[in-house]
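The structure under discussion appears below in the form of structure tokens.
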Amino acid sequence: MTRKRIVNVASVPKRSPFRYPGGKTWLVPEIRKWMRSLTFHTELFIEPFAGGGIVSLTVAFEGFADHVILVELDPDVAAVWKAITGPHFQKLSDRICRFDVSKENVQRELSQTSTDNDDIAFRTILKNRMYHGGILAPGSSLMKHGENGKGLRSRWYPKTLAERINAIGDIRERFTVVEGDGIAEIRTHHKNQKAVFFIDPPYTADGKKAGKRLYLYNELNHAELFDAAKTIKGDFLMTYDDAEGVRKLAQERGFNLELIAMKNTHHAKMTELLIGKDVSWVSAPDSGHVQKQFAFD
Ligand SMILES: C[S@@+](CC[C@H](N)C(=O)[O-])C[C@H]1O[C@@H](n2cnc3c(N)ncnc32)[C@H](O)[C@@H]1O
């Protein structure tokens with residue numbers, strides 16, 4: 001049996017430098033409940049499909065775990081996390097503050113091919129801000145720039161970005177970044193009884209979602225992921241679109257399911273399946289109050 005819950009996202013600090021397709025800011029209140037429900041102290045929190053990483057950031061900033069591992073296969077996204085959690089994180093925030101937004105400067109910067117990690121990180125953040133929907137995958141395109149690049153300038157919030165990066169950099173000892181495969185990282189830590197995994201994989205099986213054009217890496221063997229989750233000794237929470245095939249994968253392995261709902265900026269209701277060993281902590285409905293997503297995501 002699954003029930004529908006409405007999530008109240010009234011108090012979720014925006015901490016990620018990304019605006020990420022499929023970002024889980026709205027799920028943060030539920031994540032806090034989940035972490036509080038655990039009967040052991042979490043030594044290690046692992047996000048095998050990190051993307052914009054808002055869940056990991058929340059866990060680290062709010063002290064829900066001693067250490068956090070962000071795993072991401074996309075080298076451009078991983079470069080950002082490495083730069084921010086490295087000793088020279090301020091080089092990135094300073095560069096963001098200095099950047100003069102114009103159509104020419106954006107295009108010049110994005111056409112660079114330097115393989116230095118700091119350069120890749122800067123380009124990725126710029127692209128994430130300036131491309132439609134924050135989409136970094138091939139096929140995505142630059143926003144309309146208007147007169148003198150005014151449209152592009154309206155997408156650039158240097159002070160906010162720099163503050164977020166510096167805040168993460170200040171607590172960088174709490175993070176490890178792994179550029180690699182999320183399932184492999186689950187297998188590395190599955191026996192750790194004090195390790196907790198938040199698993200939000202790319203998912204396109206129902207065909208209607210735009211996942212294929214959202215991420216560079218969108219193919220995944222979901223049965224293999226569920227098998228890896230089954231071996232986890234600590235705890236895990238997975239989030240998926242509600243689809244029959246997903247329910248089947250979960251039920252075959254004896255996992256619990258809860259369906260939750262939220263409204264997005266356009267007042268469309270979105271539902272999401274939460275899957276875990278025990279998801280009975282999922283909240284009772286609140287007053288039905290649902291906050292809109294923030295203007296600057
Ligand atoms: C649904 S998104 C995660 C969104 C994230 N929870 C957030 O709030 O921003 C899935 C992410 O997994 C990454 N990814 C895809 N395949 C992967 C793999 N095998 N290992 C690690 N990361 C992978 C994608 O690049 C994408 O960033």
- State the number of residues belonging to segment 29-64 that are within 12 Å of the chain's Cα centre (by Cα) and hydroxyl-bearing (S, T, Y). 2
- Message: Can you confirm whether G23 is at negative phi and either assigned to a helix (DSSP H, G or I) or touching an Asp or Glu at 6+ places or on another chain (Cβ under 8 Å) (or both)?
- Response: yes
- Task: Select the strands (runs of 3 or more DSSP E) contained entirely in segment 145-250, then report the ones holding at least 2 residues which are touching a Ser or Thr at 6+ places or on another chain (Cβ under 9 Å), buried (at least 17 other Cβ atoms within 10 Å of the Cβ) and on the phi < 0 side of the Ramachandran plot.
- Result: 175-179, 195-199
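Would you point out the residue of segment 63-104, among those that are of a type in the set (S, T, N, Q) and at pLDDT 95 or above, that is nearest to S154 (Cα to Cα)? Explain how you work it out, then say what you get.
Quick first cut of segment 63-104, residues of a type in the set (S, T, N, Q) only: 85, 90, 93, 102.
Pick out the ones that are also at pLDDT 95 or above and you get 85, 90, 93.
On the way: T85: 27, Q90: 23, S93: 18 Å.
Among them, the one singled out is S93.
Give me a count of the residues in segment 122-136 that are surrounded by fewer than 17 Cβ atoms within 10 Å (Cβ to Cβ) and over 15 Å from the mean Cα position of the chain (by Cα). Steps first, please.
Initially, segment 122-136 is screened for residues surrounded by fewer than 17 Cβ atoms within 10 Å (Cβ to Cβ), giving 132-133.
Going one step further and asking which of them are over 15 Å from the mean Cα position of the chain (by Cα), we end up with 132.
Selection size over segment 122-136: 1.
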- Task: Of the conditions (1) within 16 Å of the ligand (Cβ to nearest atom); (2) closer than 26 Å to T115 by Cα, I46 clears all except one; give me its number.
- Result: (2)
- Message: Just checking, does segment 16-27 include any residue being farther than 16 Å from R172 by Cβ, out of contact with any Leu (no Cβ under 7 Å at 6 or more places or on another chain) and without any contact (Cβ under 8 Å) to a residue 60 or more places away in the chain?
- Response: no
- Message: For segment 49-87, which positions are more than 6 Å from the ligand (Cβ to nearest atom) and of a type in the set (F, W, Y)?
- Response: F61, F64, W81
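The values are calculated or read from the model by the stated rules, or taken from the named source; none is laboratory data. Note that the coordinates shown come from a computational prediction; the quantities given were computed from them, not determined experimentally. For neighbour counting, all protein chains shown are included, and Cβ atoms are generated from backbone atoms with ideal geometry for every residue, glycine included.
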